[in-house]
Amino acid sequence: QVQLVESGGGFVQAGGSLRLSCAASGRSFSRYFAGWFRQAPGKEREFVARISWNTGSQYYADSVKGRFTMSRDFAKNTVYLQMNSLKPEDTAVYYCAAAPLPSARETEYEYWGQGTQVTVSS
């Protein structure tokens, strides 16, 4: 079992930055790929980014490429999502998740956090 807890969401103006954190407890992240998804009001949950815990390789949705960056901290068993140049359309609940294989499909992710709200004002 892996328990995931997100933090770092909040309210920011367009063009601003936020950093989300996802701390894992229970089983280590080392067995998994960590991903971020988001769900805006009235929309389906969508893939944002993922990182391989072991290699650090990353993959991003086109909508965030060049603006968002994932990283990991081995000592803290935590992954981060640095979000820069935020836009109002980035407003959503952001979820951290863990999957045994690299994937952009939420059905492949076994463990999920509770989500953290990000609101970007225009």
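FYI, it's all coordinate maths here, none of it is from the lab. On a predicted model such as this, the values are computed, not experimentally measured, just so you know. Using ideal geometry, Cβ is built from the backbone for each residue, glycine included, and neighbour counts are taken over all protein chains shown.
Quick notes on this structure:
- Scanning residues 5 or more positions from T91 or on other chains, those with amide H under 5 Å from its amide H are V120, with H placed 1.01 Å from N in the peptide plane.
- Positive minus negative residues near E44 (Lys, Arg vs Asp, Glu; Cβ under 13 Å): +2
- For the range 87-97, 3J(HN,Hα) computed residue by residue from phi via the Karplus equation (6.51, -1.76, 1.60; θ = phi - 60°) reads 10, x, 6, 7, 4, 4, 8, 9, 10, 9, 8 Hz, glycine and proline entered as x.
- Mean separation of Cα contacts under 8 Å, 6 or more apart, over the residue count of the range 68-122: relative contact order %: 33 percent
- Considering only L18, L86, L101, the Gaussian network model of the chain with Cα springs below 10 Å gives its largest mean-square fluctuation to L101.
- For K43, the lysines whose Cα comes closer than 19 Å to its Cα, not counting residues fewer than 8 places off in the same chain, are K87.
- Computed over the chain: relative contact order in percent, which uses C-alpha pairs under 8 Å that are six or more apart: 36 percent
- Of the GluC sites (Glu not before Pro) found in the range 1-101, the ones in coil according to DSSP and having at most 13 other Cβ atoms within 10 Å of their Cβ are E44.
- Reachable aspartates and glutamates from K65, criterion Cα separation under 15 angstrom, eight or more residues apart if same chain: E46, E89, D90
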